[in-house]
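First comes the structure, then the notes that go with it.
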Amino acid sequence: MNTDSLFRPFSLKSLNIKNRIVMAPMTRSFSPNGIPTADVASYYRKRAEGEAGLILSEGTVINRVSSSNDANIPHFYGAEALAGWKNVIDGVHAEGGAMGPQIWHMGIMDNHASGWVPSQPFEGPSGLNRPGFNNGNTMTESDIADTIKAYGQAAADAKELGFDCVEIHGAHGYLIDQFFWEGTNERTDIYGGKTLPERSRFAIEVIKEVRKRVGEDFAVIIRLSQFKPAAYTNQLAKSPQELEAWINPLADAGVDIFHCSQRRFWEPEFEGADLNFAGWVKKVSGKATITVGSVGLSGDFFGSFAGESSQASSLDELLKRFDRGDFDLVGVGRPILADPFWPKKIHEGRTDELKGFSPAALGELVMS
Ligand SMILES: Cc1cc2nc3c(=O)[nH]c(=O)nc-3n(C[C@H](O)[C@H](O)[C@H](O)COP(=O)(O)O)c2cc1C
């Protein structure tokens, strides 16, 4: 297995990375009261030492009272949390890594198992987390305007702290995705509509605000998924034509890189071609894309949440797609969560040292 192509550098605007491996954003809930601790900084620093080219932080929430359902998820606002993030990025840079925060608003959520709830009800396009499940408020136009500003502020703070890029979390059934999906967006104003391009207005305004706040030269990534945890087989865009009508306005609004979340990267997005989600998005937009989903593992991440173990698997199929130019970067989640040195081991051909993924790793900040 020749992995040399994965270890070529990549540059786009503010982002200069030494290889094509991206640590995928993974919520860890190790930041009490929203403040990233010294352990969190060490955890990310280790991943830079282990040669992840770009690290995307766990989702970190923007400055809205009900943007989170968990007191231990990091904030990306407030002096103390931002000082914690400054430690994180300084540590990553000290190891020659690069990093962007994944800025997040969860929208309407299930209440967390801990019993903690924000001091105001959850908020979303129509109060829905999934069809038939209402657990919060429908956002007013002024809520929407303030939320868009909060995304912009988080992005500006990311740049100010010295991060290399920012990722907007637009995937997996959270706030932005709740606007995209007809199952959770029943609005009849300008933020709703029968078509996906109409329901993309909120995302477009968020991207434009982020772009305005960070300037032209700072790399902006958006993470998208067709699936939602409440609807695994959902497709927001059901054809390449619908995909183009969704993606290109987002690109025009200011996205540099699309992070195309799938559970299994090898699955074709549409019938008639073997291109995956990242492959299609690159084809219709001409923009750089990140693929992700069970790279180097036999089972997907929802299986891990359900307690299943995964075995290490070959990178041949990934390399075939990468080498023919389907996507530019490769997101790797659980393998790097469980082993900070996963990229380095791939680089050095130490494949016999690769472990599979045991769900036990979810409960700790693995440091070696
Ligand atoms: C523990 C855990 C936490 C996650 N948290 C996030 C998150 O905060 N934001 C996000 O966009 N995806 C999140 N994901 C999804 C991952 O970024 C990634 O897309 C998924 O794990 C598939 O990649 P993998 O098969 O390499 O693990 C999480 C996944 C795991 C396992």
When you look at residue 257, is it under 23 Å from residue 343 (Cα atoms), away from the ligand (no atom under 13 Å from the Cβ) and surrounded by 22 or more Cβ atoms within 10 Å (Cβ to Cβ), yes or no?
-> yes
Inspect all residues belonging to the stretch 143-159 and state whether any of them is farther than 19 Å from residue 291 by Cα, assigned to a helix (DSSP H, G or I) and of a type in the set (S, T, N, Q).
-> yes
Does the stretch 357-364 contain any residue that is under 19 Å from the mean Cα position of the chain (by Cα), within 16 Å of the ligand (Cβ to nearest atom), surrounded by 14 or more Cβ atoms within 10 Å (Cβ to Cβ) and under 23 Å from residue 39 (Cα atoms)?
-> yes
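Within the stretch 76-97, can one find any residue that is touching a residue at least 24 places away in the same chain (Cβ under 8 Å) and in a strand (DSSP E or B)?
No, every residue in the stretch 76-97 fails to be touching a residue at least 24 places away in the same chain (Cβ under 8 Å) and in a strand (DSSP E or B).
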Taking the stretch 214-229, which residues are at pLDDT 95 or above, of a type outside the set (Val, Ile, Thr) and within 16 Å of the ligand (Cβ to nearest atom)?
-> 223, 224, 225, 226, 227
State whether one or more residues within the stretch 200-221 are in a strand (DSSP E or B), in contact with a strand residue (DSSP E or B) (Cβ under 7 Å, 6 or more places away or on another chain) and either among the β-branched types (Val, Ile, Thr) or on the phi > 0 side of the Ramachandran plot (or both).
-> yes
Just name the residue that is farthest from residue 220 (Cα to Cα) out of those in the stretch 285-297 that are assigned to a loop (DSSP other than H, G, I, E, B) and near the ligand (Cβ under 10 Å from one of its atoms).
-> 296
Which of the residues belonging to the stretch 69-96 are crowded, with 24+ Cβ neighbours inside 10 Å and either within 13 Å of the ligand (Cβ to nearest atom) or farther than 17 Å from residue 159 by Cβ (or both)?
-> 74, 76
Being within 26 Å of residue 110 (Cα to Cα) and either in contact with a strand residue (DSSP E or B) (Cβ under 6 Å, 6 or more places away or on another chain) or modelled with pLDDT of 95 or more (or both) narrows 191, 232 down to just 191
What residue, among those in the stretch 322-341 that are in contact with a Gly (Cβ under 7 Å, 6 or more places away or on another chain) and more than 10 Å from the ligand (Cβ to nearest atom), is nearest to residue 364 (Cα to Cα)?
-> 340
Enumerate the pairs (first residue in the stretch 357-368 and under 11 Å from residue 29 (Cβ atoms) and modelled with pLDDT of 95 or more; second residue anywhere and assigned to a helix (DSSP H, G or I) and away from the ligand (no atom under 12 Å from the Cβ)) with beta-carbon separation below 6 Å, excluding pairs fewer than 6 apart on the same chain, so at least 6 apart or on different chains.
-> 365/39; 365/43
Residue 313 in contact (Cβ under 8 Å) with a residue 12 or more places away in the chain, within 12 Å of the ligand (Cβ to nearest atom) and more than 21 Å from the chain's Cα centre (by Cα) = yes
Scanning the stretch 1-53 residue by residue, those within 16 Å of the ligand (Cβ to nearest atom), under 22 Å from residue 260 (Cα atoms) and of a type in the set (A, V, I, L, M) turn out to be 6, 21, 22, 23, 24, 26, 52
Among (1) touching a helix residue (DSSP H, G or I) at 6+ places or on another chain (Cβ under 9 Å); (2) among the hydroxyl-bearing types (Ser, Thr, Tyr); (3) more than 16 Å from the ligand (Cβ to nearest atom), where does residue 66 come up short?
-> (1)
Determine which member of the set 2, 16 is within 24 Å of residue 217 (Cα to Cα), of a type outside the set (A, V, I, L, M) and either out of contact with any His (no Cβ under 9 Å at 6 or more places or on another chain) or free of Cβ contacts under 8 Å to residues at least 40 places away in the same chain (or both).
-> 16
Kindly indicate which of 318, 337 is in contact (Cβ under 8 Å) with a residue 40 or more places away in the chain and over 17 Å from the mean Cα position of the chain (by Cα).
-> 318
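The values are calculated or read from the model by the stated rules, or taken from the named source; none is laboratory data. A quick note: this is a predicted structure, and the numbers were derived from the prediction, not measured. So basically every Cβ, Gly included, is an ideal-geometry build from the backbone, and we count neighbours across all protein chains shown.
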